[in-house]
1. Going by Cβ distance under 4.7 Å, what cysteines of chain B have no possible disulfide partner?
2. For the stretch A:4-78 and the stretch A:159-173, what is the separation of their C-alpha centers, rounded to whole Å?
3. Rounded to the nearest 0.05, what FRET efficiency do A:L247 and A:K221 have when you use their Cβ-Cβ distance and R0 = 22 Å?
4. What spacing in nm lies between the two simple spin-label points modelled at B:K70 and A:D335, each 7 Å away from Cα in the Cβ direction?
5. Would you mind getting me the FRET efficiency between A:D47 and B:M1? Use the beta-carbon distance for r and R0 = 60 Å, nearest 0.05.
6. Just to be sure I understand: of the beta bridges DSSP finds with both ends in the stretch A:2-116, what percent are antiparallel, rounded to 5?
7. Given a cut-off of under 8 Å on Cα pairs at least six residues apart, what relative contact order in percent is computed for chain A?
8. Measuring from label point to label point, each 7 Å out along Cα→Cβ, what is the A:F255 to A:K79 span in nm?
Number of protein chains: 2
Amino acid sequence: MKIVIDCFGGDKSPSANIEGALLALEEHDDLSLVFTGDEEVIKAELDRLGYTGDRAEVVHAPEIITGEDKPTDAIRMKKDSSMIKAITMLRTDKDIAAIVSTGATGALIAAATLRIGRIRGIRRPAFCPLLPTMDGGIVGICDSGANVDISATMLLQQAILGTAYLRHAYGVENPRVALLNVGTESEKGDALRKEAYPMLASCEHINFVGNMESRDLLSGKYDLVVCDGFSGNVLCKTTEGTALELLKKLKKEIFSKTKYKLGALLMKQLFADLKEFMNYQNYGGSVLLGCEKTIVKGHGSSDANAVRVCVNQAYKMSAGGAMNAEVEAALSALDKDKPTDTANS
Amino acid sequence: MKIVIDCFGGDKSPSANIEGALLALEEHDDLSLVFTGDEEVIKAELDRLGYTGDRAEVVHAPEIITGEDKPTDAIRMKKDSSMIKAITMLRTDKDIAAIVSTGATGALIAAATLRIGRIRGIRRPAFCPLLPTMDGGIVGICDSGANVDISATMLLQQAILGTAYLRHAYGVENPRVALLNVGTESEKGDALRKEAYPMLASCEHINFVGNMESRDLLSGKYDLVVCDGFSGNVLCKTTEGTALELLKKLKKEIFSKTKYKLGALLMKQLFADLKEFMNYQNYGGSVLLGCEKTIVKGHGSSDANAVRVCVNQAYKMSAGGAMNAEVEAALSALDKDKPTDTANS
């Protein structure tokens with residue numbers, strides 16, 4: 001299996017991207033890598049890290065897409081950027097199965113949507129990051145921000161995509177799918193949720209368990225939550241922000257009393273473990289579901305370990321062929337069974 | 001000042017409601033209370049608590065509205081309920097300034113909207129709960145769930161309402177108002193946010209500071225966040241849920257090692273303080289802004305202290321006259337200045 005690594009664009013790129021990818025390379029004998037970006041810089045980094053193997057090639061791409069670039073402009077104007085070169089290779093090289101990027105999100109979505117084909121029947125690709133649950137499992141959130149204006153049919157498609165993803169990449173046999181809502185009762189929510197609920201409830205291809213209130217996200221009662229990209233983004237970032245702020249406050253308060261400092265010394269490992277537990281980067285990047293090939297978007301602040309996890313995630317999704325076939329079959333069965341919703345976007 | 005207390009409907013009602021209200025009564029010499037609910041039960045509770053003063057009257061209302069009642073049915077069918085009796089008194093008795101209820105949210109919104117007049121020009125009342133920020137301040141979230149389908153004009157109205165509320169009830173001179181969005185850049189978001197941003201930015205009656213990402217809610221950089229009721233609900237409940245789950249996990253892990261248990265003993269007070277800090281009930285209920293009179297909705301699980309805080313909050317809003325006049329003036333100036341958005345709801 002061959003995976004292309006977009007080496008530039010993240011806060012710690014290119015070092016973290018290259019080092020992380022090499023760490024993943026060590027874990028899989030059948031994996032090989034393509035690094036895109038400034039050739040000289042990448043080669044110097046490979047030298048620095050002492051990589052002497054033959055499973056990593058470098059493709060020169062001197063430009064870098066930043067958050068300031070308008071996505072559609074970036075695709076058109078920066079053809080020689082590490083991201084667009086990587087996407088182009090993903091499209092044209094049938095041996096390349098996946099891309100891992102920590103670059104600008106908007107440009108990556110635009111490039112993936114315009115250059116990589118979608119699974120037949122899928123309206124728009126959607127992000128599905130994973131968060132840890134308190135019982136040691138994971139929960140997927142789809143969509144977490146790719147599509148802020150969506151339809152009920154898209155929510156149903158996200159449920160089908162996420163189900164196939166969790167089954168194929170994480171071995172969750174029959175993922176429990178919930179609809180993010182303001183209450184658990186079936187009639188709750190805005191017009192979109194009221195339209196989507198019966199569609200989800202009557203779909204045979206997913207295991208719909210009803211509405212979920214956001215306070216139960218980490219409870220372990222759900223494997224997949226479907227939502228519009230706006231509230232999904234709020235859901236993810238609030239979880240992350242609250243955990244960080246709370247740990248920060250705890251740390252600050254510890255220094256207010258000597259006995260707290262002593263207690264914290266004894267509990268040092270526990271606090272470190274808790275911080276690692278809540279570090280969403282340990283659970284991989286946001287996979288963009290719905291494309292014909294695997295696209296993993298690592299967080300902009302990804303360190304080497306975060307990139308390593310992203311590459312492993314892309315590797316696990318190598319069963320993507322079977323996964324996409326399952327999604328296609330479900331969508332085509334749906335099309336036969338029932339009319340779609342009113343929105344056509 | 002006279003405040004009516006809906007004694008039934010919360011998980012710990014009527015005891016918590018009566019006890020909490022009496023605690024607040026002790027704090028204000030010029031306050032008097034009206035308790036609505038089953039007279040016999042309330043009087044027995046007052047006896048049990050040893051209340052012998054003359055500043056609390058009881059109005060008999062034997063029915064109880066529950067979460068199972070359909071809001072509009074509840075208003076029509078349960079006229080003898082503690083909530084509807086309280087709302088009716090609030091409407092008809094000019095001496096009563098406010099209601100505090102821990103009962104069913106939907107019924108309270110419906111009753112308030114239908115029975116209590118709105119401030120002239122306000123389209124729909126909105127909930128504005130408060131959360132603690134990490135620098136020791138508070139942040140208001142408006143709307144947190146009353147209106148799940150809204151327009152840009154309603155977002156602007158919420159900004160004006162919340163600003164007046166924080167100024168008059170909490171002394172925040174010039175509240176920093178942010179729009180909840182998926183990114184901080186001005187062009188971010190869905191169609192609703194794109195329409196609302198320039199309206200907020202050009203409004204002279206508020207101190208708009210731009211978009212806020214949900215991860216910064218507790219940062220202390222904002223005094224008021226405006227949002228639709230769907231994502232506002234997600235924002236509040238995710239904050240609450242993450243904090244609770246994290247503290248629960250910490251508590252559980254402490255028992256895994258002896259040294260953690262020792263450390264936790266030393267830090268016992270700090271953990272208790274942290275839990276109290278994150279206990280949103282300490283910051284009062286969700287005020288329903290936009291009505292002619294003060295409506296404070298306490299959480300269904302409110303204990304006596306939470307009810308006490310809610311009553312104090314209702315008391316602080318006694319300057320409601322001036323607050324409502326300020327909102328009315330701002331709305332009428334807006335109407336003169338510019339066209340409203342396309343949505344008319």
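1. Result for chain B is B:C7, B:C203, B:C227, B:C236, B:C291, B:C310, no neighbouring Cys Cβ within the cutoff.
2. If you average the Cα positions of each part, the centres end up 29 Å apart.
3. After rounding to 0.05, the efficiency reads 0.35.
4. 3.9 nm
5. Working: r = 77 Å, r/R0 = 1.28.
Result of the calculation: an efficiency of 0.20.
6. 0 percent
7. This gives 23 percent for chain A.
8. 5.4 nm
Read-outs: derived from the displayed coordinates by stated rules, not from any lab. Values in this document were obtained by computation on a predicted structure and should not be read as measured data. No Cβ is skipped: glycine too gets one built from the backbone with ideal geometry, and neighbour counts run over all protein chains shown.
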